[in-house]
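These notes are about the structure you will find just below.
The values are calculated or read from the model by the stated rules, or taken from the named source; none is laboratory data. Note that the structure is a prediction, hence the values are computed from the model and not measured. Reconstructed Cβ throughout: ideal geometry from the backbone, glycine too, with neighbour counts over all protein chains shown.
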Amino acid sequence: MKSCRACQRTYPDDAGFCPADGSELVSATMVPVASDDDPRVGQRLCGRYEIRRVVADGGMGRVYEGIDRETNTRVAVKVLHDAVARDEVALARFKREYEISAQLQHDHIVKVLDFQHDLVFSLWLLVMEFLDGEELRVVLKREKVIAPERLVRMLSQVALGLDVAHGRKFVHRDLKPDNLFLCGTREGDDVKVLDFGSVKDKNADAKKLTVMGTAIGSPYYMAPEQAQGLDTLDARADVFALAAITYECVVGTVPFVGSNGPSILLAILTKDPVAPSIAAKGSKWPVPAKFDDVMEEGLVKNPNIRTPSVGALVDAVGRAYGLEGDHRVWAVTPQATLAADIEAGRSRVVQAAAVADPFATPPAQPSGGKSMDRAFEEMRAQEFAGSDDVVPVRKGPPTWLLVVVIAVVALGLGGGAVLLLAR
């Protein structure tokens, strides 16, 4: 391994210069490390993992960049905070994260390599592959929204990773932008799903670490059944979370808002999000009208009528943008190619609408201002909001139809039914 004298980052032996500061790299053994702020830097934990620098701090532990001296590879070492290590349930979750991750060997799931107790320093540590890049959360803070081609490629890779987990009856249960790590490549992001410490194991012999009725996860992305702490939740909870992440990437805000955890969960349980084509009006990238339907089905509160799988959700997102194929294809398609395909699909939609009715004029409006020909509105609705001045608007059933329904119910069941509906 090589290292940078200036920042102590480590690199493979064939690297020449540090991309962070341009310094020439030398053998890691020639760059002694130490820190006045953290006595662990420079130490070798478990006689194997040499700690080089602090990478991040979290609520559960501190993450370091290190070198595995047995394999001569870069690793990320998470050392648990003392309070966490003393909590038997928290410690059991970290151990389970290692055990479950070891079963999920996939290109789009972070590799968890080891879980050890260092007796010399009295520390518990979780060792993972080291990743170069940034979390989706960081990208969203900087850019607010994500380009469609980048979004489709990212979601496709996440779906591939989660398909493996769901196939083994593991529900991630904490999908959020913080747990999607984007590693940049020439063809686009290479995504890794992080943190399987909150997994719901749906296998018959699974150990139960959560008390019935306890909600585990991040409020903004939590499915209604998860918010209620229902033990019946399954992979469709991850579908909801991925749909919420998708909404945020397109609109720039989460679909359900609140001032605190309980108010966010109340919104998830009782409210519907603003349609993306409306919430993202004026966005840098046009939002397809079909995208509203995709989000409605992905964020529906009843899991029985929700989009059935993460793969199906991503397929629907891609097709809303006019793409052909499915998430397995898009996951390995270069981002530039996806961008060209999306633009070509958008052009086809606009041209088809123009050819179908190039000179159509809106029908006369009645005095109430409402159209009497909803079929005409649907025909004229553009696939991409922003591609024309005409924006599709969903309407509820006409008033006269409600009156007829109430009258029929009243005749069949008696006047009491009318009072019930009127309330």
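Just to be sure before I move on: is Arg328 free of Cβ contacts under 8 Å to residues at least 60 places away in the same chain and charged (D, E, K, R) in the structure I sent? Taking the combined requirement at face value, the residue does not satisfy it.
Scan the range 43-52 and give yes if some residue there is hydroxyl-bearing (Ser, Thr, Tyr) and in a loop (DSSP other than H, G, I, E, B), otherwise no. No, because not a single residue in the range 43-52 is hydroxyl-bearing (Ser, Thr, Tyr) and in a loop (DSSP other than H, G, I, E, B). Listed conditions (1) over 30 Å from Arg9 (Cα atoms); (2) out of contact with any Cys (no Cβ under 7 Å at 6 or more places or on another chain) are all met by Val145, apart from (2). What are the residues in the range 150-170 that are in contact with a strand residue (DSSP E or B) (Cβ under 8 Å, 6 or more places away or on another chain) and surrounded by 24 or more Cβ atoms within 10 Å (Cβ to Cβ), if any? Arg153, Met154, Gln157, Val158, Leu162, listed by residue number. Out of all the residues in the range 134-143, is one or more more than 14 Å from the chain's Cα centre (by Cα), surrounded by fewer than 22 Cβ atoms within 10 Å (Cβ to Cβ) and of a type in the set (A, V, I, L, M)? Within the range 134-143, none of the residues are more than 14 Å from the chain's Cα centre (by Cα), surrounded by fewer than 22 Cβ atoms within 10 Å (Cβ to Cβ) and of a type in the set (A, V, I, L, M). Residues that are in a loop (DSSP other than H, G, I, E, B) and surrounded by fewer than 22 Cβ atoms within 10 Å (Cβ to Cβ) within the range 307-322 comprise Pro308, Ser309, Gly322, listed in sequence order.
Here is the figure for the range 268-278: residues that are under 19 Å from the mean Cα position of the chain (by Cα) and not in a loop (DSSP other than H, G, I, E, B) total 2. Here Val164 does not fit the description of being within 25 Å of Ala85 (Cα to Cα) and more than 13 Å from the chain's Cα centre (by Cα).
Total residues in the range 234-254 satisfying the condition of being within 15 Å of Phe170 (Cβ to Cβ) and either of a type outside the set (A, V, I, L, M, F, W, C) or modelled with pLDDT under 95 (or both): the figure is 3.
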